Amino acid sequence: MNFSTIGQNIVRLLIKYWDKFLITGLSYTLSLAAITVFFGTIFGALIALMRMSRIPPLRWVSSVYTEIIRGTPMLLQLYLFYFGLPQLLPFLNRQQYACVAIALVCNSAAYVSEIIRSGIQAVDIGQTEAARSLGFSQAQTMRYIVLPQAVKNILPALGNEFIMVTKDTSLASTFFIGDLMTQVLLIKGATYLPIEPLTIAAIIYFLLTFVLSKLVGLLERRLRRGDIR
Amino acid sequence: MATSGKLIEVRDLKKYYNGEAIKALDGVSVDVNRGDVMVVIGPSGSGKSTFLRSLNLLEQPTSGSIVFEGVDITKKTDAQGKRINIDLHRQKMGMVFQHFNLFPHKTILQNMTMAPIKLKGISPAEANEKAMALLERVGLADRAGAYPIQLSGGQKQRVAIVRALAMEPDVMLFDEPTSALDPEMVGEVLDVMKKLALEGMTMVVVTHEMGFAREVGNRVLFMADGKLLEEGTPDAIFNAPQNPRLQDFLSKVL
Ligand SMILES: Nc1ncnc2c1ncn2[C@@H]1O[C@H](COP(=O)(O)OP(=O)(O)O)[C@@H](O)[C@H]1O
Ligand SMILES: [Mg+2]
């Protein structure tokens, strides 16, 4: 292996395929991550509510769901959704992107529900007791007292989940969805160069998550400052 | 306000945990009259907090009844068959906690006005005015815009008291309100409570401050093992205790 040839190849690939990496690949990766976190948060919140519900069957269903998702490999879940969903729902036939997105959403929702649940449960029980003793109902207590404080625990953790999901979308390349990792595979096939496209993708992934984690850190500090005021 | 009429009637109140393994309350019966300053004393783990927290159903009793202003709030429906909304009854029972439990994301003024505005439909202007008058009374009017974290422990507890008072309750429940305070701040909180008692507020106070019990209380209850073992005037309890457990307890704390 010769580093200077690799360097030259990387520059050559970047000039020739920059749009594949930075436009096609990046936009698929980012859109997949954004969709996953957006719907993952909505469904995650619902699952978290179910887990804290007073109705036992809702608690069971949600905790079984969370345990199964967290207890099986994500790649396996992707395969299952990719091949299983079109059989269950025929209109998803040949809709590879949708199947993969749904799989990612279902996976993320389980993790997000744990983030939300622990964020809510981290709020001191004394806050709830004080609110209830003033006469606030359970729902009002959640809305006015607990959630505003829980958000400070939840938002930074959600930011980290977004970073995780951004990296996890690379698994979508298993099905040639078009994301950054798919581009690596395509360019590797066209050029017979394995290392160079991987290196380029690694740098892009790293820059992406680095910027995201800086933003999360910023958010975290702002929220913490909000506490002291 | 005159000392007349029963405000809370507690009958054979029991609270068990883990089946019957832990009897936090084991059959307590007592009446709280309007204007009473009832001080509850007893060793740690004797059920004082459980008793107090049962009065506004923060703890759901295992059995027994609590009649508050004529309504048995432990039941699902009242005598006329109307559904009991515990939230409405809690509005009339203020509670002060050992650890203050102020809302950290709200200013002092907001801590006090939130419940009156949202629960009683009082206008923000009126709620602010009443809250400021209350803060004035406890010497904290200048901290109205501050956040709880900016206050000392004694200041926090004084705010917690006036936050409860802002709902204009008929009774105030205190669970060891000075136990989490630095010694030099205990006095300022006890002073506020004493003023409140002199104004005729009905109070049930769990405390280890025997000076307060003697000076401010009109009735003292001694609890041990979830039972009410002795009840009397401060004079009787402190100067002529009957129950050996009480005698033993007093010999340790006085
Ligand atoms: N949630 C609970 N689960 C189990 N036991 C409890 C619980 N809360 C209180 N207890 C027990 O009930 C008894 C009375 O507690 P408590 O009312 O807090 O006493 P006190 O306030 O007098 O110190 C203690 O033995 C305590 O351990
Ligand atoms: Mg206690």
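Values computed for the structure shown
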quantity: Per-selection Rg to Rh, region A:3-228 - Cα, Kirkwood hydrodynamic radius; calculated: 1.08
quantity: Within-15-Å neighbourhood charge of B:LEU250 [Cβ basis; K, R +1; D, E -1]; calculated: -2
quantity: Under 5 Å, built H, 5+ apart or other chain: amide partners of B:MET223; calculated: B:ILE41, B:GLY42, B:LEU229
quantity: Amide H contacts of B:ILE84 (H built 1.01 Å from N, under 5 Å, at least 5 apart or other chain); calculated: B:THR77, B:ASP78
quantity: Signed unit charges on C-beta, dipole axis of the protein assembly as shown, positive-most listed residue B:LEU198, B:SER251, B:ILE122; calculated: B:ILE122
quantity: Lys, Arg +1 and Asp, Glu -1 on Cβ, resulting dipole of chain A about Cα centre, debye, nearest 20; calculated: 400
quantity: Residue-by-residue Karplus 3J(HN,Hα) for region A:57-65, coefficients 6.51, -1.76, 1.60, Hz, glycine and proline x; calculated: x, 5, 5, 5, 4, 5, 6, 4, 4
quantity: Between 0 and 90°, nearest 10: helix B:153-165 axis offset from chain B longest Cα axis; calculated: 90
quantity: Table column - 3J(HN,Hα) (Hz), region B:26-43, Karplus curve with 6.51, -1.76, 1.60, x for Gly and Pro; calculated: 10, x, 9, 10, 6, 10, 9, 8, 4, x, 5, 10, 9, 9, 9, 10, x, x
quantity: 15 Å beta-carbon shell around B:ILE117, net charge (K/R +1, D/E -1); calculated: +3
quantity: Principal-axis tilt of helix A:74-88 within chain A, Cα atoms, nearest 10 degrees; calculated: 90
quantity: Flagged links, alpha-carbon separation over 29 Å, of B:LYS15/B:LYS118; B:LYS48/B:LYS194; A:LYS152/B:LYS118; B:LYS48/B:LYS82; B:LYS6/B:LYS120; B:LYS75/B:LYS156; calculated: B:LYS15/B:LYS118; B:LYS48/B:LYS82; B:LYS75/B:LYS156
quantity: Length added when fully stretched, A:LEU218-A:ILE125, from 0.36 nm per residue minus Cα-Cα; calculated: 30.7 nm
quantity: Residue-by-residue Karplus 3J(HN,Hα) for region B:93-108, coefficients 6.51, -1.76, 1.60, Hz, glycine and proline x; calculated: 10, x, 9, 10, 9, 4, 9, 6, 6, 5, 7, x, 8, 10, 6, 4
quantity: Rg and Dmax of the protein assembly as shown, Cα atoms only, in Å; calculated: 30.8, 99
quantity: Neighbour net charge for A:LEU13 - beta-carbon separation under 11 angstrom, K R +1, D E -1; calculated: +3
quantity: Gyration tensor verdict on region B:1-89 (Cα atoms; rounded if a/c is under 1.5, prolate if a/b is larger than b/c, oblate otherwise); calculated: oblate
quantity: Sorted by Cβ neighbour density within 10 Å, fewest at the top, the residues A:THR36, B:THR113; calculated: B:THR113, A:THR36
quantity: Given charges at Cβ of Lys, Arg, Asp, Glu: region A:75-202 dipole, positive-most of A:ILE102, A:LEU78, A:TYR192; calculated: A:ILE102
quantity: Qualifying GluC sites (Glu not before Pro) in region B:98-202, DSSP loop, other Cβ atoms within 10 Å at most 11; calculated: B:GLU199
quantity: CD proxy at 222 nm, helix term only [per DSSP H run n ≥ 4: -39500 (n - 2.57); per residue of chain A; nearest 500]; calculated: -26500 deg cm²/dmol
quantity: Kirkwood hydrodynamic radius of region B:147-254, from inverse mean 1/r over distinct Cα pairs, in Å; calculated: 15.1
quantity: Alpha carbon centroid spacing (whole Å) that separates region B:136-214 from region B:42-105; calculated: 20
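We did not get these values from a lab; they are worked out from the coordinates using the rules stated. Small disclaimer: the values here were computed from a predicted structure and weren't measured. Neighbour counts are summed over all protein chains in view; Cβ atoms, including those assigned to glycine, are modelled from backbone coordinates with ideal geometry.
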